[in-house]
1. Return P(r) of the range 314-449 (all Cα-Cα pairs; 10 Å bins starting at 0; whole %; ordered from short to long distances).
2. Where Lys and Arg each count +1 and Asp and Glu each count -1, what net charge lies around Gly389 among other residues with Cβ under 12 Å from its Cβ?
3. If the limit is 31 Å between Cα atoms, which of Lys452/Lys531; Lys215/Lys391; Lys353/Lys433; Lys231/Lys547; Lys215/Lys452; Lys86/Lys570 go over it?
4. If I ignore ligands, DNA and RNA and count only protein heavy atoms, how much of Leu364 is accessible to a 1.4 Å probe, in Å² to the nearest 10?
5. Pop the C-beta distance of Lys326 and Ser190 into the FRET formula with R0 = 30 Å and round what comes out to the nearest 0.05.
6. Tell me, what is the FRET efficiency for Asp363 and Leu441 to the nearest 0.05, using R0 = 45 angstrom and their Cβ-Cβ distance as r?
Amino acid sequence: MNRYNQFVVLLFTASLFLGGCNAVRQKPSGYKATSMITAPDVAAEKNRTAEEMSCQNVEKTVDAQSQSILDEALELCNASQDFWQKGDFDNAIQTLDTAYTLLLKIDESDITELMQQKEDIRFLISKRILEIYASRNSVVNGDYNAIPLTMNSEVQREIDSFTQGAEREFFINAYRRSGKYRPYIVEEFSKAGLPVELSWLPLIESGFKPNAFSKARALGLWQFIPSTGYKFGLERDGFIDERMDPEKSTEAAIKYLTALHQMFGDWSTVLAAYNSGEGRVLRTIRTQGINYLDNFWDLYKQLPCETARYVPRFLAVLHIVSDPGKYGLSGVTPDPPIPYETIPVSRQVHLQKIADALEVGQDLLVELNPELRQQTLPGVTYPLRIPIGKKEELLAAIDSLPVSSARYEPESGPAYHRVKSGESLSTIARRYKTTIQKITLANNITKKSTLKPGQLLKIPDARGRVSATTSEMAPKTARKITQHVVSRGDSLWNIAQRYGTTVSTIQRLNNLSSTALSVGQVLQLTEESKKTYRVKSGDTPFIIAQKHDMTLEQFLELNKMTKNSTIFPKQSVYVK
């Protein structure tokens, strides 16, 4: 049995009962509680009292020694943590070994406080050992990719719905469309070390429709809501919404699924969290009356109906696609991907004009560039996807194509109103024919907020979009500047506009969970000092940190990991 298994066995066995003075405190055999005590009994009682008093004195000495041992064991635990943070795993384990040996020297007694301390330190030692061994063996194979192909009544019900019931036509159409996108998704998931079975998630999320839109405002193949999309790097403005781009949204989905797996540990629970949000699943786990063992079916019935059904639906898809003929779908063939090439275009042109110039259908260009919200190029350099072989034709024609009159009206873009002296939320709302509520929501302020001259406000119109003239556009500086020191009146929004970035990017680079800022705070603005590294077999967080002249803490913080996080071969991580 290796040291790790020895510790696991030792740390979770029952407490040792070693006797000692406890035997003295027990009532002697034949002792009777009575008020009638004879002379010999009195003498015997005095002897027993003297014996107990002597034992109590001994106990006080033993208690003091035990407390000293407990204090030393706790100091060793702290020293082990220091070794671990420096990457000295052997000394970290050896120090915990010594701490546990000290605990074994303490005799059990009925002194609750001491015994509680002992059990607390025992638990701390076990937790530290598991953390250290997890970090030493953090690159694992096999189990990470395991999605248990469970078959039960819930899964069978979804299979029947997809293959025999009302959803059969939906499934067939989605299965056909999957061929256009899955090859790319499978390739990227393989590079990231994620289970390729997850490439079927868009079937139940969106039916493999890039423009699928839900009541919850989720959009695209992977059905990102705006806030989650921003969190994982998907931008949007009046011209584009990257949630509808199959490639960009797949990259974001990989990041999100990886983060969820680091949090929950098993893929079934990850899928439930992907559907309902990690907060909902975590709350459900906390309210359970049993120990949660990272098993989705432990909390299945506690989740909302839609979320609980989500996992069986996904498993049903895996069963069906693994053997289409078994379910009467052998004649259904996935569509092939559409081949394309990319050309940078800086002219604001409608796709219809480009389609006419290339003599292709507009629908084809729309399908190749689904993130274009108005089917119009944004007027800044944009990597337009076109059918293979049409590049030279477009280069020859682009300058002669008419410029589109589409307005740049992003929902959260670089347009604002600069507050003048004497203005109020009411007067500003009337001027732009919007409401005070929409202005306060757009700017994260309250109705009672005091406006200051020069303050920048986003102004949603009656449709909730931002509207402003070009003369009011915020000035942008070159992105050579990598940091900004917050001054009075700054907000994340006007800082983002000043430096040509986004609020979500600044929040991500600076680990900000809210929009609150403080004067003098230094904000990182670019990722120029950050690059990616592909995890290799045998790597650990500490080894990767050493390779790139980083401390372990810097590596964990940069990748939003904890000491318990696990990394995997082919996974992409950030390094400096």
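The values are calculated or read from the model by the stated rules, or taken from the named source; none is laboratory data. This is a predicted model, so every value here is computed, not measured. Methodologically, a virtual Cβ is constructed for each residue, glycine included, from the backbone with ideal geometry; neighbour enumeration extends over all protein chains shown. Side chains are part of the model used for accessible areas, which takes the heavy atoms of the whole protein and leaves out ligands, DNA and RNA. Shrake-Rupley method; radii C 1.70, N 1.55, O 1.52, S 1.80 Å.
1. Percent of pairs per bin, in order: 10, 27, 14, 19, 20, 8, 2, 0.
2. Summing Lys/Arg as +1 and Asp/Glu as -1 gives -2.
3. Over 31 Å Cα-Cα: Lys452/Lys531; Lys215/Lys391; Lys353/Lys433; Lys215/Lys452.
4. Counting only protein heavy atoms, Leu364 exposes about 50 Å² to solvent.
5. 0.70
6. 0.80
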